[in-house]
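The values are calculated or read from the model by the stated rules, or taken from the named source; none is laboratory data. No experiment lies behind these values; they were computed from the predicted model shown. Counting neighbours? That spans all protein chains shown, and the Cβs are built from the backbone with ideal geometry, glycine included. In case anyone asks, the SASA skips ligands and DNA or RNA and just uses the protein heavy atoms, side chains included. Shrake-Rupley method; radii C 1.70, N 1.55, O 1.52, S 1.80 Å.
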Amino acid sequence: MRYISTRGQAPALSFEEVVLTGMASDGGLYVPETVPQLSTDDLSEMAGLSYAEIAFRVMKPFVNGEIDDDTFRRLVTEAYATFSHDAVVPLNQLDANHFLLELFHGPTLAFKDVALQLLGRLLDHFLNKRGERAVIMGATSGDTGSAAIEGCRHCDNLDIFILHPYQRVSEVQRRQMTSVLADNVFNVAIEGNFDDAQAMVKASFADQSFLNGTRLVAVNSINWARIMAQIVYYVASAVALGAPHRKVSFCVPSANFGNVFAGYMAYRMGLPVERFVIATNANDILHRTLAANDFSKQELKATLAPSMDIVVSSNFERLLFEAYDRDGAAVAALLERFQAEPTALADAPLTRLRELFASYSVDDATILEVIREAHHRTQEILDPHTATGYRAAERERGDASVPMITLATAHPAKFAEAVVKAGFPGVPLPPHMDDLLEREERYTVLPAELSAVQRFVVDNRR
Ligand SMILES: *Cc1c(COP(=O)(O)O)cnc(C)c1O
């Protein structure tokens, strides 16, 4: 199995190379050249297996023999042993046929742990094998930074530098990052906003000479291994509800589209899925594109579901590549137009997408209403991201006899502001985190100057 770029111009890579590489050199994203198939028997045999074993079986073809089975099984088992629930991603029944897939039992209480607990271990494995070290740089306004830090804190061959805007992330989110005192973890608070931090990370990737040859690695959701790890919970939850003998639908709170794309891959591998419902907050580019064929950028809105506040949905490119019959030149042309002006998808690809995907956009007032309504009906307190999914699932579910699985992407305690606004006294942190607000913190405040940040990285990497 090789990996190819969605824009058709970059060289094909092995699994190892694709894990160590972020964006393709032609500006595209890597996808597997062929889609491995899960037969009816493969799926039937997964019933009752542990999450780690299902994960091993689903991901093995993508790894392509580049990690021996025993080692890969060990990496997967260690990654999911960090979750506080034995089921790793338990299903929680909301009504006769609507289920929440709780993806928030990992170390940082959001679904990004599912991918980043594995990605850190994969990177460390390959670097160790090569006798190399690498530096990770990332900018975060919240969930990604803490999940990346937790995923890398035990990695001998990695040093991780996460930039966040000084005094502009919530206390829980900051402390989840800054209370990790491992000596390969560096938190930098930038005296600026998120865009300043992001711009410095981008500039560092564009010109890596300041690192004198040390590899710089990205852990954002364009890394293929993150998508690969997320395919697993679609398969595991569908099998738990009767796949392959019964179809299911999924509703996914979405921003950069990495999560939905993983679901789409599960479908392409042979999982019987009726439809995917894409839930967005007021930053609704995915909904506008699917519902109105309005593929255009709009100004960023700050919402109560901040981890879904985006202007451009980077992983949507991977779906466009499929919708355009893997025509890299057509995808490149479309995205070039999109960068310059409002545009639209061609008719045939749009029609194809609408057969499988529905979408719904949920504003802040509705998020609060849904948190109250869901609590009234089920006694569950939803986080604001999951709330967009709950509403979208109810509005767009189609055939009510098909089980609907809504992905719960964060624990409500992580986004207590919205829960309090909805009229609840707040949500306690789970027991393993209840001392978070007393833990020692470590971070360095730096000006929003590229040279200062790069000097800090060079001076501190091991
Ligand atoms: C990152 C994130 C999302 C969006 O996921 P995508 O893969 O970017 O679509 C949704 N909810 C939460 C809580 C997140 O952290």
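Of everything in segment 387-426, what is more than 16 Å from the ligand (Cβ to nearest atom) and open to solvent by less than 30 Å² (accessible area, probe 1.4 Å)? Give them in sequence order.
Answer for segment 387-426, where residues must be more than 16 Å from the ligand (Cβ to nearest atom) and open to solvent by less than 30 Å² (accessible area, probe 1.4 Å): Val402, Pro403, Met404, Ala422, Gly426.
Quickly run through segment 63-112 and pick out the residues that are of a type in the set (A, V, I, L, M, F, W, C), under 23 Å from the mean Cα position of the chain (by Cα) and farther than 29 Å from Val18 by Cβ.
Residues satisfying the conditions are Ala87, Leu91, Phe99, Leu100.
How about segment 431-448: which of its residues are touching a strand residue (DSSP E or B) at 6+ places or on another chain (Cβ under 9 Å) and farther than 16 Å from Ser146 by Cβ?
If the condition is that a residue be touching a strand residue (DSSP E or B) at 6+ places or on another chain (Cβ under 9 Å) and farther than 16 Å from Ser146 by Cβ, then Thr444, Val445, Leu446, Pro447, Ala448 are the ones that fit.
Counting just the residues of segment 244-256 that are crowded, with 24+ Cβ neighbours inside 10 Å and in a loop (DSSP other than H, G, I, E, B), which one comes out modelled with the highest pLDDT?
This residue is Ser254.
Could you tell me which numbered condition Arg57 fails, if it satisfies all but one of (1) out of contact with any strand residue (DSSP E or B) (no Cβ under 9 Å at 6 or more places or on another chain); (2) touching a residue at least 24 places away in the same chain (Cβ under 8 Å); (3) not polar (S, T, N, Q)?
Going through the list (1) out of contact with any strand residue (DSSP E or B) (no Cβ under 9 Å at 6 or more places or on another chain); (2) touching a residue at least 24 places away in the same chain (Cβ under 8 Å); (3) not polar (S, T, N, Q), Arg57 breaks only (2).
Filter segment 300-323 for residues that are small (Gly, Ala, Ser) and part of a helix (DSSP H, G or I); which is nearest to the ligand (Cβ to nearest atom)?
Ser307
Counting only residues that are buried (at least 16 other Cβ atoms within 10 Å of the Cβ) and acidic (Asp, Glu), which one in segment 369-386 is farthest from the ligand (Cβ to nearest atom)?
Looking at residues that are buried (at least 16 other Cβ atoms within 10 Å of the Cβ) and acidic (Asp, Glu), I get Glu373.
Every residue in segment 151-191 that is open to solvent by less than 30 Å² (accessible area, probe 1.4 Å) and among the acidic types (Asp, Glu), please.
Hit for segment 151-191 is Asp159, nothing else.
Given the conditions (1) within 15 Å of the ligand (Cβ to nearest atom); (2) open to solvent by less than 30 Å² (accessible area, probe 1.4 Å), report the number of the one that Leu334 does not fulfil.
It is condition (1) that Leu334 fails.
Select from segment 409-430 the residues that are of a type in the set (Lys, Arg) and out of contact with any strand residue (DSSP E or B) (no Cβ under 8 Å at 6 or more places or on another chain) and list them in ascending order.
The answer is Lys421, and nothing else.
Please find, within segment 313-322, the residue that is nearest to the chain's Cα centre (by Cα) out of those that are surrounded by 20 or more Cβ atoms within 10 Å (Cβ to Cβ) and at pLDDT 95 or above.
Looking at residues that are surrounded by 20 or more Cβ atoms within 10 Å (Cβ to Cβ) and at pLDDT 95 or above, I get Asn315.
Considering each residue of segment 188-229, count those that are within 11 Å of the chain's Cα centre (by Cα) and over 23 Å from Leu116 (Cβ atoms), and give that number.
Of the residues in that region, 0 qualify.
Hey, could you check segment 206-230 for residues that are in a helix (DSSP H, G or I) and open to solvent by 60 Å² or more (accessible area, probe 1.4 Å) and say which is farthest from Gly138 (Cα to Cα)? So that I can check it myself, show each step before the final result.
First, the residues of segment 206-230 that are in a helix (DSSP H, G or I): 206, 209-211, 224-230.
Adding the requirement that they be open to solvent by 60 Å² or more (accessible area, probe 1.4 Å) leaves 206, 209.
Working: Ala206: 13, Ser209: 17 Å.
Step by step, filter segment 206-230, then rank; the result is Ser209.
Among the residues in segment 258-269, are any near the ligand (Cβ under 10 Å from one of its atoms) and not in a helix (DSSP H, G or I)?
no
Given the residues Ala81, Ala55, which is the only one that is of a type in the set (Gly, Ala, Ser), crowded, with 20+ Cβ neighbours inside 10 Å and out of contact with any Gly (no Cβ under 7 Å at 6 or more places or on another chain)?
Details: Ala81 fails: crowded, with 20+ Cβ neighbours inside 10 Å.
Being of a type in the set (Gly, Ala, Ser), crowded, with 20+ Cβ neighbours inside 10 Å and out of contact with any Gly (no Cβ under 7 Å at 6 or more places or on another chain) holds for just one of Ala81, Ala55, which is Ala55.
Any residue at all in segment 6-27 that is closer than 23 Å to Asp70 by Cα and in contact with a strand residue (DSSP E or B) (Cβ under 6 Å, 6 or more places away or on another chain)?
yes
For segment 7-29, which positions are farther than 15 Å from Phe62 by Cα and under 19 Å from the mean Cα position of the chain (by Cα)?
Thr21, Gly22, Met23, Ala24, Gly28, Leu29
Quick one: count up the residues across segment 298-312 that are under 24 Å from Gly8 (Cβ atoms) and at pLDDT 95 or above.
The number of residues fulfilling the criteria is 0.
Report those helices (runs of 4 or more DSSP H) wholly inside segment 366-462 carrying at least 3 residues which are in contact with a His (Cβ under 7 Å, 6 or more places away or on another chain).
Fully inside segment 366-462 and qualifying: nothing.
Inside segment 14-107, counting only helices (runs of 4 or more DSSP H) that do not spill past its ends, which hold 2 or more residues that are modelled with pLDDT of 95 or more and under 21 Å from Val273 (Cα atoms)?
40-46, 51-63
Rundown of residues vs (1) among the acidic types (Asp, Glu); (2) modelled with pLDDT under 95; (3) within 19 Å of the chain's Cα centre (by Cα), yes/no style:
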site: Arg337; (1), (2), (3): no, no, no
site: Ala344; (1), (2), (3): no, no, no
site: Arg395; (1), (2), (3): no, no, no
site: Ala408; (1), (2), (3): no, no, yes
site: Pro412; (1), (2), (3): no, no, yes
site: Phe415; (1), (2), (3): no, yes, yes
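Take the residues of segment 280-299 that are closer than 30 Å to Gln173 by Cα and acidic (Asp, Glu): which is farthest from the ligand (Cβ to nearest atom)?
Residue satisfying both the conditions and the ranking: Glu299.
Among the candidates Thr366, Thr343, single out the residue that is surrounded by fewer than 19 Cβ atoms within 10 Å (Cβ to Cβ) and in contact with a strand residue (DSSP E or B) (Cβ under 8 Å, 6 or more places away or on another chain).
Going through Thr366, Thr343 in turn, just one is surrounded by fewer than 19 Cβ atoms within 10 Å (Cβ to Cβ) and in contact with a strand residue (DSSP E or B) (Cβ under 8 Å, 6 or more places away or on another chain): Thr343.
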